[in-house]
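*Asks:* Quick one: the structure is below, and I'll ask about it shortly.
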Amino acid sequence: MPDIVPDPRVKRPGHIAVTNLLAWYERSRRDLPWRDAGVTAWQILVSEFMLQQTPVARVLSIWPDWVRRWPTASATAAASTAEVLRAWGKLGYPRRALRLHECATVIARDHGDVVPSDVETLLRLPGVGSYTARAVACFAYRQRVPVVDTNVRRVVARAVHGRADAGSPSVSRDHADVAALLPEDGTAPRFSVALMELGATVCTARAPRCGLCPLAECAWRSADYPPAVGPARRVQRYAGTDRQVRGCLLDVLRATDSPVTRAQLDVAWLSDTRQRDRALDSLLVDGLVTQTVDGRFALGGER
Ligand code: SF4
């Protein structure tokens with residue numbers, strides 16, 4: 001994304017100063033490879049699929065090899081489902097890998113191997129939701145659209161509305177909130193990524209580092225940090241969940257090139273056999289695991 005010098009006279013409603021935020025972003029942004037010049041819209045789309053509910057560090061361990069191996073939608077579509085699931089590794093939420101493969105197939109087949117640039121068309125692609133569609137339109141095609149993730153919602157809740165947290169999401173309200181803050185000029189995409197970065201690295205959920213914050217005005221700070229109202233957010237656990245069991249079963253299949261017997265799968269989770277059976281059933285239903293004609297099990301799409 002080329003640098004654009006913002007107009008210092010521009011004052012935004014909601015008291016997020018464009019100039020301060022952009023200057024901070026230039027100084028402090030993380031060096032993430034999907035932000036580099038020359039990264040294509042397809043490769044940005046891949047990063048957005050991977051980053052859904054997944055820490056950046058884990059995506060960094062996979063994304064570079066992935067886009068080297070499959071740099072385009074058509075290259076991804078030409079890979080088998082099993083190859084894609086194997087490369088997804090332990091990134092988690094592996095249904096995303098299936099949706100990404102389907103998305104690649106549609107883009108290669110119906111869009112001339114070019115990621116669409118308008119939000120409405122992006123939203124019709126498999127696995128592409130409200131956030132991802134706008135993130136691609138903004139980060140790949142430099143459009144002035146509100147890009148609203150958890151981090152952005154939190155910064156806006158604090159800096160603009162003076163609340164400790166953002167409460168329940170509302171797509172229309174959240175988009176309207178952020179749209180009102182976007183600069184009118186060509187700095188809007190930069191502003192969007194900077195706002196997201198601020199929430200990810202400074203205005204974090206548990207311990208905002210207000211001493212490092214570039215925002216001269218913050219309604220929550222000015223009000224002396226009133227506590228959150230409403231029920232505390234539930235912390236998602238992983239240990240012992242069906243998600244963990246599904247991951248253990250997939251680990252067995254990823255570790256081998258040939259189908260395995262039911263007994264070989266069963267040893268992956270011995271503590272609760274009903275939970276294991278339920279997890280395996282759900283993997284079969286999701287298409288992440290397939291059963292061969294002789295009754296053995298393999299990664300989806302593998303025979
Ligand atoms: S001053 Fe603190 S709470 Fe307000 S936006 Fe900055 S980091 Fe967040």
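*Asks:* What does the charge count near Pro55 come to, summing +1 for each Lys or Arg and -1 for each Asp or Glu among other residues with Cβ under 15 Å from its Cβ?
*Replies:* Net charge around Pro55: +2.
*Asks:* Right, next: What list of ³J(HN,Hα) couplings, whole Hz, do you get for segment 64-77 from phi and the Karplus terms 6.51, -1.76, 1.60, once you set θ to phi - 60° and write x for glycine and proline?
*Replies:* The phi angles translate into x, 5, 4, 6, 5, 6, 10, x, 10, 4, 5, 5, 5, 5 Hz.
*Asks:* Now for a different question. Tilt of helix 95-110 relative to the longest C-alpha principal axis of the chain, in degrees (0 to 90, nearest 10)?
*Replies:* For helix 95-110, the angle is close to 80 degrees.
*Asks:* In a shell of Cβ-Cβ distance under 12 Å around Val260, excluding Val260 itself, what net charge do Lys and Arg (+1) and Asp and Glu (-1) give?
*Replies:* Net charge in that neighbourhood comes out at -2.
*Asks:* Between Ser80 and Glu184, what is 0.36 nm times their sequence separation minus the Cα-Cα distance? Round to one decimal in nm.
*Replies:* Computed gain between Ser80 and Glu184 is 33.1 nm.
*Asks:* Which order, highest average first, do 238-250, 154-166, 98-110 follow once you tally other Cβ atoms within 10 Å for each residue and take the mean per peptide?
*Replies:* Top of the packing list down: 154-166, 98-110, 238-250.
*Asks:* Also: Glu26 to Cys248: FRET efficiency via 1/(1 + (r/R0)^6), r the Cβ-Cβ distance, R0 35 Å, to the nearest 0.05?
*Replies:* That pair, Glu26 with Cys248, gives E of 0.20.
*Asks:* Modelled label-to-label distance, Arg234 and Val114, 7 Å Cα→beta-carbon offset: nm?
*Replies:* 4.5
*Asks:* Can you give the local net charge around Tyr225? Use residues other than it whose beta-carbon is closer than 15 angstrom to its beta-carbon, Lys and Arg +1, Asp and Glu -1.
*Replies:* +3
*Asks:* Grab the Cα-Cα distance for Asp272 and Arg69, subtract it from 0.36 nm times how many residues apart they are, and report the gain in nm with one decimal.
*Replies:* Between Asp272 and Arg69, full extension yields an extra 69.3 nm.
*Asks:* A further question on this structure: Given a 10 angstrom Cα cut-off, can you work out which residue in Leu45, Leu195, Leu212 is the most mobile in a GNM of the chain?
*Replies:* In this elastic network of the chain, the residue with the biggest mean-square fluctuation among Leu45, Leu195, Leu212 is Leu212.
*Asks:* Please list the non-local residues whose amide H lies under 5 Å from the amide H of Thr292, H modeled 1.01 Å from N, same-chain partners needing a gap of 5 or more.
*Replies:* Phe297, Ala298
*Asks:* What is the spin-label model distance, in nm, from Arg58 to Ala255 if the labels are put 7 Å beyond Cα along the C-beta direction?
*Replies:* So the two model labels end up 1.9 nm from each other.
Each value in this text was obtained by applying a stated rule to the coordinates, not by laboratory testing. Here the structure is a predicted model, which means the values were calculated and not measured. When we count neighbours, we look across all protein chains shown, and the Cβ atoms used for this are built from the backbone with ideal geometry, even at glycine.
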